[in-house]
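Let me begin by presenting the structure, written as structure tokens, before commenting on it.
The values are calculated or read from the model by the stated rules, or taken from the named source; none is laboratory data. Bear in mind that the values here come from a model prediction, so they are computed numbers and not experimental data. A quick note on method: Cβ atoms are made from the backbone with ideal geometry, for glycine too, and the neighbour counts reach across all protein chains shown. Protein only, heavy atoms only, side chains kept; ligands, DNA and RNA dropped before computing areas. Shrake-Rupley method; radii C 1.70, N 1.55, O 1.52, S 1.80 Å.
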Amino acid sequence: MLSVGLTGGIGAGKSEVARLLESYGALRIDADRIAREVVEPGTEGLAAVVAEFGDGILRPDGSLDRPKLGAVVFADPDRLAALNAIVHPLVAARSKELADAAPADAVVVHEVPLLTENGLAPRYDLVVVVDADPATRVDRLVRLRGMTESDARARMAAQAGREERRAVADLIIDNDGPRDELEPRVREVWEELARRAATG
């Protein structure tokens, strides 16, 4: 099994790369999706988040109000660290469970937004970074996700810098252009990953 850490700053196109790799045959483990699962109503994760941040971060139906929590933690590094201390161990445990069930020759792609920030590169056989120019990322966040420019820049500033991410990369996928330019590059990366998985 080849364990791959896939990361990239918000708006770089990491999820699109992950979807392509999955379509080629990778087992995709999405830390963001798992992070949502571990704080669903009734979970120990949500109970711990409420104990730390108060029930003001809940919606009327008892689910987590992500925008409200995000407004708190992205403005305060200490609060973000407190949230991460709750969620990250739960995500790591579930990710390991999924990876342990993979076939011996699988390419397991762990989609980890905060891989660089949390020093997780050594956990993987190799790290793939999806990179794009900051101006491109701001444009995507505003145009495709409906963020204000200031919100987009604040989210980017809360993450590792571009050079920090590139420094931990074994492979870099540049994604400044349109999707049809991205696919051939991701296919090349997939072929390299599959070759490494097959040769152990």
*When residues of the stretch 78-108 are limited to those that are touching a helix residue (DSSP H, G or I) at 6+ places or on another chain (Cβ under 6 Å), touching a residue at least 60 places away in the same chain (Cβ under 8 Å) and open to solvent by 60 Å² or more (accessible area, probe 1.4 Å), the one farthest from residue 10 (Cα to Cα)*: 105
*Just a yes or no: is a residue in the stretch 52-69 closer than 24 Å to residue 156 by Cα, open to solvent by 40 Å² or more (accessible area, probe 1.4 Å), charged (D, E, K, R) and outside any helix (DSSP H, G or I)?*
no
*asked:* List the residue pairs whose Cβ atoms are under 7 Å apart, where the first residue sits in the stretch 39-67 and is among the β-branched types (Val, Ile, Thr), the second is assigned to a loop (DSSP other than H, G, I, E, B) and open to solvent by less than 30 Å² (accessible area, probe 1.4 Å), and the two are 6 or more positions apart or on different chains.
replied: 49/39; 57/65
*Report yes if residue 155 is at pLDDT 95 or above, basic (Lys, Arg), surrounded by 16 or more Cβ atoms within 10 Å (Cβ to Cβ) and assigned to a helix (DSSP H, G or I), otherwise no.*
no
*Is at least one residue of the stretch 91-104 at pLDDT below 95 and under 21 Å from residue 159 (Cα atoms)?*
yes
_Complete set of residues in the stretch 1-50 that are outside any helix (DSSP H, G or I), more than 23 Å from residue 65 (Cβ to Cβ), of a type in the set (S, T, N, Q) and open to solvent by 10 Å² or more (accessible area, probe 1.4 Å)_ = 3
*Given (1) of a type in the set (A, V, I, L, M, F, W, C); (2) touching an Asp or Glu at 6+ places or on another chain (Cβ under 6 Å); (3) under 14 Å from residue 10 (Cβ atoms), index of the condition residue 158 fails*: (2)
*Tell me, yes or no, whether the stretch 170-180 has at least one residue that is among the β-branched types (Val, Ile, Thr), touching an Asp or Glu at 6+ places or on another chain (Cβ under 9 Å) and over 23 Å from residue 3 (Cβ atoms).*
no
*Selected residue (criterion: least open to solvent (accessible area, probe 1.4 Å)) from residues of the stretch 109-151 that are assigned to a loop (DSSP other than H, G, I, E, B) and touching a Ser or Thr at 6+ places or on another chain (Cβ under 8 Å)*: 115
_Residue count, the stretch 63-113 (criterion: polar (S, T, N, Q) and under 18 Å from the mean Cα position of the chain (by Cα))_ = 2
